[in-house]
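Note sheet for the following structure.
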Amino acid sequence: MSAQSQNPDSIYTQHVKQLLNQIYPQDNGYGSVFEDASNYYSISLPLEAHIDELNTQLERLDGRDDKEVLAEQLKKQISNSKNKLEEERLSRLERLDAVASKIVELCEGDNWQETQELSAKLLGTIMLLTRGPEGKFARVHQRFKPLYKAVLTLRIVDRLLNHDAIAHNYLSKYRESLSRFRKNKYWKQKWFNELGKPLITASLLQDIGLQSPAALSLLKGEDGKQDEFRLLDETQRKALLKLNYHFTLKYLIDGLGVPHYVGNSREEKERVTQTLNETNDFLIKLVKDAFLSKTGLGEILKIPQIYVSIVLSTKPDYCRSSLPKGYMLIEQLAKKGGLNKQLAQEFIDMVGYFPQGFGINFIPINDNGTEKEQYECAIVTGLNPKDPSAPVCKVVTRNRKYITTGGIEVITKERNLYFQAARKKLMRMGKDRLGEIMGQLSNNFTADSVDDLIPSFWEPYDFFSFKKHQNLWVKK
């Protein structure tokens, strides 16, 4: 067995895959955030109903000779069931806490710049683990969406704090949390406990109600054989939205709730409990408003959600060429008043037009700054481009051969083959020359591809599947 097959991924990529499985694995049985929710809906909710029934039985014992014996038995059953529910609730919170810590570990650095780089690396790795509209891509995208959305939410809130663009009472208290990027340990911990965790939890569980049996029955049909990613009619969509809202809030309020204070100080307990309650209230309001759009708070979840619905779409017509249009939907909604214009612009400035991990074909330049009559491949690796149409990329080919030593380059619109004007420049090459280039870059190239010799983008999944190609963010 080759070394490649034994260790197909870099250590970092392995960590990302493990995290994705801790959130929403392909198979159940290993313990995960989404499996916890499924178990709550299928096991804990019926147990809650059973406790209610036992309480009803307890109330009906008056007048019976064996009242005391039966009452004792019922009280014991109720107590045991309640203890079981509470143990499971705390276990779910503990798992969420571990997942939130892991997310922050992977996407937060010691300063603002390092945090942007690490966040771009995590987003890019998630995208590069997808292979485009092939096979059961919708299921893969569905699993990857929550983590992708969580990272975007953390970063957009940081931008809002940085630009003092927040009017919300709770968020306004955390303007100082950016001092964690200046080695302020107090604010680093405070930010994680009181802002980072609720933002991550809200992002991961925003649509967790879709895991309830009622929602799954609507999506998959009574026999479970329907395609859950099919286009629903309006009546079904409205019914699903109601189920999602109801069961999402049910899980957040009852299935998770507020963590317990651990300690002996009465004064500290009061202070910590108050903070925990305020944090939980913020979480609930955030998710509620993402559904209802009444206060504007929910837009810090809603905008990443809209973006991810394009970038990691589960629709049958998904295609990679539409990914750079993710920003356009947000832009259009903002223009029509459907989204806060400033928040929408902050988000577009952060992600640019091209998602992390997107494959760019571009015209290289020589030492004199003259454009060459060829094209090379690059991968989008940087957030916050100075010009949203000019992504920060890692160059991965030289003379049409894959390399691991390519530099970081800002690829302007004039040289990016995604744009038609740039593609037209290469038409003067001649088809034989272009055919030669394509033959070197693609194993699947045939003579029938001659009319698509200058593709607007490339698919980097196969490139990234090799361990040696996964260190795109390593600084040379």
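Values computed for the structure shown
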{"read-out": "Value of relative contact order over the chain, rounded to a whole percent, pairs C-alpha under 8 Å and six or more apart", "value": "15"}
{"read-out": "The range 130-351 shape via C-alpha gyration tensor axes, a/c threshold 1.5", "value": "oblate"}
{"read-out": "In sequence order, calculated HN-Hα J values of the range 273-287 (Karplus, 6.51, -1.76, 1.60; Hz; x Gly/Pro)", "value": "4, 4, 5, 4, 5, 5, 5, 5, 4, 4, 4, 5, 4, 4, 5"}
{"read-out": "Proximal lysines relative to K372, as straight alpha-carbon distance under 25 Å, when same-chain residues fewer than 8 apart are discounted", "value": "K386, K394, K401, K413, K424, K425, K431, K476"}
{"read-out": "Cα long-axis angle, helix 137-162 against the chain (0 to 90 degrees, to the nearest 10)", "value": "90"}
{"read-out": "Summed residue charge, Cβ within 12 Å of R155's Cβ, Lys/Arg positive, Asp/Glu negative", "value": "-3"}
{"read-out": "Principal axis box of the range 310-395, alpha-carbon based, largest edge first, Å", "value": "47, 32, 18"}
{"read-out": "Long-range amide H partners of C393 with built H, under 5 Å", "value": "T381, E409, V410, I411"}
{"read-out": "Normalised contact order of the range 1-151, rounded percent, pairs of Cα under 8 Å and 6 or more residues apart", "value": "26"}
{"read-out": "Computed label-point distance, nm, for sites A165 and K75 using a 7 Å Cα→Cβ extension", "value": "5.9"}
{"read-out": "Whether the range 220-333 is rounded, prolate or oblate, judged on the alpha carbon gyration tensor where a/c under 1.5 counts as rounded", "value": "prolate"}
{"read-out": "Spacing of the two label points (7 Å from each Cα toward its C-beta) at Q345 and N111, in nm", "value": "2.8"}
{"read-out": "Ranked packing of 27-39, 390-402, 256-268, most packed first, by mean Cβ within 10 Å", "value": "390-402, 27-39, 256-268"}
{"read-out": "R0 of 22 Å, Cβ-Cβ distance Y402-S321: FRET efficiency to nearest 0.05", "value": "0.50"}
{"read-out": "Estimated inter-spin distance, K17 and D254, nm [label 7 Å along Cα→Cβ]", "value": "3.9"}
{"read-out": "Table column - 3J(HN,Hα) (Hz), the range 198-212, Karplus curve with 6.51, -1.76, 1.60, x for Gly and Pro", "value": "x, 5, 5, 4, 4, 5, 5, 10, 4, 10, 5, x, 5, 8, 6"}
{"read-out": "Whole-number D in µm² s⁻¹ for the range 197-281, Kirkwood Cα-pair radius fed into Stokes-Einstein, 10 °C, 1.306 mPa s", "value": "105"}
{"read-out": "Euclidean distance of C-alpha centroids, the range 190-219 and the range 263-277, integer Å", "value": "26"}
{"read-out": "Under-5 Å amide H pairs with R398, H placed in peptide plane, nonlocal only", "value": "I403"}
{"read-out": "Förster radius 45 Å - calculated FRET efficiency between T370 and S293, Cβ distance, rounded to 0.05", "value": "0.30"}
{"read-out": "Ellipticity estimate at 222 nm from DSSP helix runs (n ≥ 4, -39,500 (n - 2.57)) divided over the chain, nearest 500", "value": "-17000 deg cm²/dmol"}
{"read-out": "Protection proxy ranking of 239-245, 189-195, 44-50 - average other beta-carbon atoms within 10 Å, highest first", "value": "189-195, 239-245, 44-50"}
{"read-out": "Rounded, prolate or oblate (a/c below 1.5 giving rounded, otherwise prolate when a/b exceeds b/c) for the range 77-128 by Cα gyration tensor", "value": "prolate"}
{"read-out": "Dipole in debye (nearest 20) - the range 28-161, about Cα centre, beta carbon charges: Lys, Arg +1; Asp, Glu -1", "value": "740"}
{"read-out": "Under 5 Å, built H, 5+ apart or other chain: amide partners of I360", "value": "A378, I379, V380, W458"}
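Since every read-out is calculated from the coordinates, none of them should be taken as a lab result. On a predicted model such as this, the values are computed, not experimentally measured, just so you know. So basically every Cβ, Gly included, is an ideal-geometry build from the backbone, and we count neighbours across all protein chains shown.
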